[in-house]
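Working notes, structure below.
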Amino acid sequence: MKKVFANVTLTLGIPMIPIRDTVPHRTRPVVNTVLILANIALFLYQLTLPALLQERLIYTYGVIPSRFLPFHPLHLFGEGLSLLFPLLTSLFLHSGWTHLIFNMWFLWIFGDNVEDRLGHSRYLGFYLFAGFSASFLHILFNASSRIPVIGASGAIAGVMAAYLLLFPYSRILTLIPVFVFIPLFIEIPAYLFILFWFMTQLLSGTVSLLSLTSGGIAWWAHVGGFLAGIFVVLRVRKREKRRYVNPSLYS
């Protein structure tokens, strides 16, 4: 079975692995930590299942775009609302250790500071909204696909977009293996790292449309989550600006 939604750390064919950022969090990232632990716990549960049950789990709780077509049998039997549940559950399933580790590592690095700025409850809503938006854009570009989409990458793409707007001049210590045994560590401004990452997703998604193959990665889900993150943070900034200009409106 083909599983997609892997987080990608390649930039123009060169692996770029973030090690840490330079912005300390002021409050404990409770929600971010719980999200990471939930993903790890569910993946460990997946590993306890026989191969056949693992496959059934992913096909049941992953997002399968073709199921959202108006003429799918589920709609004919009035079960359309049940399709929405995988939009949530798919965010907590992963296809392997590499998929899980890279996703959780990105979430650990970028999520704590975003939670700091948005607040705990608002961060949770933001994370889920980015994940849902990622799935919707993937469905839009792959409407006839019967391949289940799983993983947290779309939501994490939204977190990275929020980090880009909130901490553009933070610096990301990045590992770039020049050769196999020669690691290069450099600090890259957050806006360069994240914009570069996003452009690779957008370019790869465009190429996948032209070649009719995704290479096993839901590129447009990453794009959808990223755009959702931009949208939400801009809305939050606009609202905060209005509150600052005229606080009596919110008293």
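To keep it simple, each residue is scored yes or no on (1) buried (at least 17 other Cβ atoms within 10 Å of the Cβ); (2) among the aromatic types (Phe, Trp, Tyr); (3) modelled with pLDDT of 90 or more.
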| residue | (1), (2), (3) |
| --- | --- |
| Gly131 | yes, no, yes |
| Ala152 | yes, no, yes |
| Ala155 | yes, no, yes |
| Leu164 | yes, no, yes |
| Arg171 | yes, no, yes |
| Ile176 | no, no, no |
| Phe181 | no, yes, no |
| Tyr191 | no, yes, yes |
| Val207 | no, no, no |
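Just the residues that are among the β-branched types (Val, Ile, Thr) and under 17 Å from Val34 (Cβ atoms), please, taken from region 86-118.
Thr89, Ile109, Val114
Which condition number in (1) within 28 Å of Pro65 (Cβ to Cβ); (2) of a type outside the set (Gly, Ala, Ser); (3) surrounded by fewer than 20 Cβ atoms within 10 Å (Cβ to Cβ) is the one that Leu100 fails?
In the conditions (1) within 28 Å of Pro65 (Cβ to Cβ); (2) of a type outside the set (Gly, Ala, Ser); (3) surrounded by fewer than 20 Cβ atoms within 10 Å (Cβ to Cβ), Leu100 misses (3) alone.
Within region 50-91, track down each residue that is at pLDDT 90 or above and farther than 19 Å from Ser133 by Cβ.
Pro50, Ala51, Leu52, Leu53, Gln54, Glu55, Arg56, Leu57, Ile58, Tyr59, Thr60
What helices (runs of 4 or more DSSP H) lie completely within region 75-172 and have 2 or more residues being of a type in the set (Gly, Ala, Ser) and in contact (Cβ under 8 Å) with a residue 12 or more places away in the chain? Steps first, answer last, please.
Numbers: elements: 85-89, 97-118, 120-141, 153-166.
Because the criterion is at least 2 residues that are of a type in the set (Gly, Ala, Ser) and in contact (Cβ under 8 Å) with a residue 12 or more places away in the chain, the helices (runs of 4 or more DSSP H) in region 75-172 that meet it are 120-141, 153-166.
Scan (1) assigned to a strand (DSSP E or B); (2) touching a residue at least 12 places away in the same chain (Cβ under 8 Å) for the single condition Pro183 breaks and write down its number.
(2) is the only condition that Pro183 fails.
How about region 209-232: which of its residues are of a type outside the set (A, V, I, L, M) and either modelled with pLDDT of 90 or more or part of a helix (DSSP H, G or I) (or both)? Give the steps one after another, and end with the answer.
Just the residues of region 209-232 that are of a type outside the set (A, V, I, L, M), to begin with: 211, 213-216, 219-220, 222, 224-226, 229, 231.
Ser211, Trp219, Trp220, His222, Gly224, Gly225, Phe226, Gly229, Phe231 - these are the residues of region 209-232 that are of a type outside the set (A, V, I, L, M) and either modelled with pLDDT of 90 or more or part of a helix (DSSP H, G or I) (or both).
The values are calculated or read from the model by the stated rules, or taken from the named source; none is laboratory data. Keep in mind it's a predicted model, so treat the numbers as computed, not measured. Every residue, glycine as well, gets a Cβ built from its backbone with ideal geometry; the counts of neighbours run over all protein chains shown.
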